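Asker: My questions will all concern the structure given below.
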Amino acid sequence: MIIENVLIVDPLDGEYVGSVEFEDVILDVKKSNKSTYDNILMPAFVDPHIHGIKGIDTMTASQEDFKKFKEFEALEGVWYFQPTTVTCPLTKLSEINLPSDLKLHIEGPFIASKRKGAHNEAYIQPPPRDVHELERYLPLSYIGMITVAPEYDTFMEFARSCEVKGIRISLGHSDATFEQVKSAFENGFKRITHFPNALSPLHHRELGVTGAGLLLDFTLEIIADGIHCSPDFVRLVYKIKSAQRIILVTDSISAAGLKDGNYMLGDLHVRVENGIAKLHDGTLAGSTLRFSQAIKNFVKFTDCSLKELAMVSSYNACKDLNLNGGRIKKGHPAKLILLDKDLNIKKVWNF
């Protein structure tokens, strides 16, 4: 297949008009002398943090549900995603019907009670000293990432054991001090979950996790829905960190793509009103954000370039998760998305 006269957007090579020939991999990329183009071609997106969409929830999904999950995500331009759990008894993890081509993002139970957000405090616990203890509940090959609060005494041993098995550690739901976060950073754990939500705040005498995320060279997840972070805060993070250190995520729950109403997140009741998901006490409970809207929001909030958008929506996540994707370059997988000039999705190729 050949796509001609498109604005090719590569996160490293930049933006230029040209054509792309591909099958399951990209066979050729040619630059053109033209300055006008019909549509925009970008690397297809990656969402490392998503609990559910359109009535499907990671915790209760069947194999058929996961098939639909993939189809719904493809319509959002997402070629790879990490189905994300919520804090639950560890025995519950063994009931997840994960397909072999996906890996879980385990969010909880190894988080701080004070920063639990929409997680059931009854199941929160310190991380074990070795990730192999989780093998009683599911194969380690099923796990792509674990969100962990770094203030636990067992954090470093657990995180290092995860690193050996190729499991990504992301700091999150944490009330840690700056020094505790700095220690994790200096030991190689440089990723933060849905920044700055459910993290100890920035104070001028104690920077907390939020201050550490801004000061140190962390890679940060951002939920660009204008609710979890104000548009101005997203712009602030973009200006301080640059596009190279931001990964867009939805953190969406099963209510995404559906009407307002009552839903479940794990075993917690969630009410969605005006597209905002909350627990009964007003705590935000994930989002109803869809990835196709997240990219538009990020451009609106930051006025970033399309090259930078390709970084935050695909390339950075691929690099972070060691995925073969995120580029429009000869020899790379043909994970591609065609958009119009208003960033509406026209077609997705996900070989």
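The values are calculated or read from the model by the stated rules, or taken from the named source; none is laboratory data. Just so you know, these numbers come straight off a predicted model, no measurement behind them. Note that each Cβ is placed from the backbone with ideal geometry, even for glycine, and that neighbours are counted across all protein chains shown. Accessible surface is based on the protein model in full, side chains and every heavy atom, while ligands, DNA and RNA are left aside. Shrake-Rupley method; radii C 1.70, N 1.55, O 1.52, S 1.80 Å.
Asker: Which condition number does ALA243 fail, the rest of (1) in contact (Cβ under 8 Å) with a residue 24 or more places away in the chain; (2) within 22 Å of GLN82 (Cα to Cα); (3) in contact with a strand residue (DSSP E or B) (Cβ under 8 Å, 6 or more places away or on another chain) being met?
Answerer: The one condition ALA243 does not meet is (3).
Asker: Separate question: In the stretch 295-308, which residues are crowded, with 24+ Cβ neighbours inside 10 Å and not aromatic (Phe, Trp, Tyr)? Explain how you work it out, then say what you get.
Answerer: We begin by selecting, within the stretch 295-308, every residue crowded, with 24+ Cβ neighbours inside 10 Å; these are 295, 298.
ILE295, the sole residue that qualifies.
Asker: Next up: Which residues, taken from the stretch 12-66, are closer than 26 Å to LYS296 by Cα and of a type in the set (S, T, N, Q)?
Answerer: Scanning the stretch 12-66 gives SER19, SER35, THR36, ASN39, THR58.
Asker: Continuing with this model, one more query. Check the stretch 325-341 and report whether any residue there is without any contact (Cβ under 8 Å) to a residue 24 or more places away in the chain and open to solvent by 50 Å² or more (accessible area, probe 1.4 Å).
Answerer: Of the residues in the stretch 325-341, the ones without any contact (Cβ under 8 Å) to a residue 24 or more places away in the chain are none.
No, every residue in the stretch 325-341 fails to be without any contact (Cβ under 8 Å) to a residue 24 or more places away in the chain and open to solvent by 50 Å² or more (accessible area, probe 1.4 Å).
Asker: So the check is Cβ under 7 Å with 6+ separation or different chains; which pairs have a first residue in the stretch 24-47 that's among the small types (Gly, Ala, Ser) and a second one that's open to solvent by 50 Å² or more (accessible area, probe 1.4 Å) and assigned to a strand (DSSP E or B)?
Answerer: Final answer for the pair search is ALA44/ASN350.
Asker: Scan (1) part of a loop (DSSP other than H, G, I, E, B); (2) under 26 Å from LEU338 (Cβ atoms) for the single condition GLN125 breaks and write down its number.
Answerer: Unmet for GLN125, out of (1) part of a loop (DSSP other than H, G, I, E, B); (2) under 26 Å from LEU338 (Cβ atoms): (2).
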